[in-house]
Amino acid sequence: KKLLDELKNSENVAFVFDEIERQITELIRCRYPMRVEAAEFENLRSTILKNKNVADYGVWVYYPWRKTLVHILDEDEFIEVRTNRNQLKISKEEQRKLATKTIGIIGLSVGQSIALTIAMERICGKLRLADFDSLDLSNMNRLRTGVFNLAVPKVVIAAREIAEIDPYIDVEIFPEGVVESNFDDFLTGNEGIDVLVEVCDSFEVKINSRLKARAAQ
């Protein structure tokens, strides 16, 4: 709490967003989709807070590239609300299973859209992203970002976008891309990946990724 207060009062924070009450309200609506009376709502809110002050509930996420602090729900509750509208499309059992999976993506121009869609749907627990390139103006016909990100590595742009959608998704980046010295680490390191998505320009990497993925099965 002391460190949080120091951060809030420092020059490293320009914006503070605290919409935790709105998130708690939505959590209750997700759990009780039929209308809840005001008195019952207050009881449910108290049960969720567990006698904590609302200011101390949940977690604060710091985004240094935006100099921004955001107050959000704890991980389990955050995921519960974030994936609520996946119901009847992805079952809770499937969601739990997908949360244990790692998806690797090579190429973060077109691949950025794939990575962000995966993050929005939350169909994995970890993303591993590889691209050696930085953003050029001509990339912006297929990579959704702003001109303030020119010269920023594409993997960093994607990782930041994902963190802003869901800071609980684990993202690992390979800013040097995949090369002979790290290809095996990308595919099999740290328990490996479950799915490989290749959308890069290099013909050599396209061939090599398929051969190495097949060998790693």
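Inside segment 167-217, can you point out the residues that are of a type outside the set (D, E, K, R), free of Cβ contacts under 8 Å to residues at least 24 places away in the same chain and either over 21 Å from Ile157 (Cβ atoms) or in contact with an Asp or Glu (Cβ under 6 Å, 6 or more places away or on another chain) (or both)?
Residues satisfying the conditions are Ser181, Gly189, Asn190, Phe203, Ile207, Leu211, Ala215, Gln217.
Can you confirm whether segment 128-137 contains a residue that is assigned to a strand (DSSP E or B), closer than 24 Å to Val199 by Cβ and of a type outside the set (Gly, Ala, Ser)?
Yes, because at least one residue in segment 128-137 is assigned to a strand (DSSP E or B), closer than 24 Å to Val199 by Cβ and of a type outside the set (Gly, Ala, Ser).
Tell me, which residue of segment 139-148 that is under 14 Å from Leu108 (Cα atoms) and not charged (D, E, K, R) is surrounded by the fewest Cβ atoms within 10 Å (Cβ to Cβ)?
Only one residue tops the list, namely Asn141.
Give segment 149-187 a look and list any residue that's over 16 Å from Gln112 (Cβ atoms), surrounded by fewer than 14 Cβ atoms within 10 Å (Cβ to Cβ) and not small (Gly, Ala, Ser), or say none.
Hits for segment 149-187 are Asp170, Glu176, Val179, Glu180, Asp185.
How many residues does segment 157-201 hold that are among the charged types (D, E, K, R) and touching a helix residue (DSSP H, G or I) at 6+ places or on another chain (Cβ under 9 Å)?
Of segment 157-201, the ones among the charged types (D, E, K, R) are 160-161, 164, 166, 170, 172, 176, 180, 184-185, 191, 194, 198, 201.
Checking the rest, the ones that are also touching a helix residue (DSSP H, G or I) at 6+ places or on another chain (Cβ under 9 Å) come to 160-161, 166, 172, 180, 184, 198.
Number of matching residues: 7.
Within the set of pairs 6+ apart or on separate chains, which have a first residue in segment 8-21 that is over 14 Å from Tyr63 (Cβ atoms), a second that is open to solvent by less than 100 Å² (accessible area, probe 1.4 Å) and aromatic (Phe, Trp, Tyr), and C-beta atoms under 7 Å apart?
Between residues of segment 8-21 that are over 14 Å from Tyr63 (Cβ atoms) and residues that are open to solvent by less than 100 Å² (accessible area, probe 1.4 Å) and aromatic (Phe, Trp, Tyr), the close pairs are Ile20/Tyr57.
Results for (1) out of contact with any strand residue (DSSP E or B) (no Cβ under 8 Å at 6 or more places or on another chain); (2) in a helix (DSSP H, G or I), shown as yes or no for each residue.
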site: Val13; (1), (2): no, no
site: Pro33; (1), (2): yes, no
site: Val36; (1), (2): yes, no
site: Asn51; (1), (2): yes, no
site: Trp65; (1), (2): yes, no
site: Glu77; (1), (2): yes, yes
site: Val81; (1), (2): yes, yes
site: Thr100; (1), (2): yes, no
site: Gly104; (1), (2): no, no
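The values are calculated or read from the model by the stated rules, or taken from the named source; none is laboratory data. All values reported here derive from a predicted model rather than from experimental measurement. Neighbour counts run over all protein chains shown; Cβ positions are idealised from the backbone, glycine included. We work out accessible area using only protein heavy atoms, side chains counted, and drop any ligands, DNA or RNA first. Shrake-Rupley method; radii C 1.70, N 1.55, O 1.52, S 1.80 Å.
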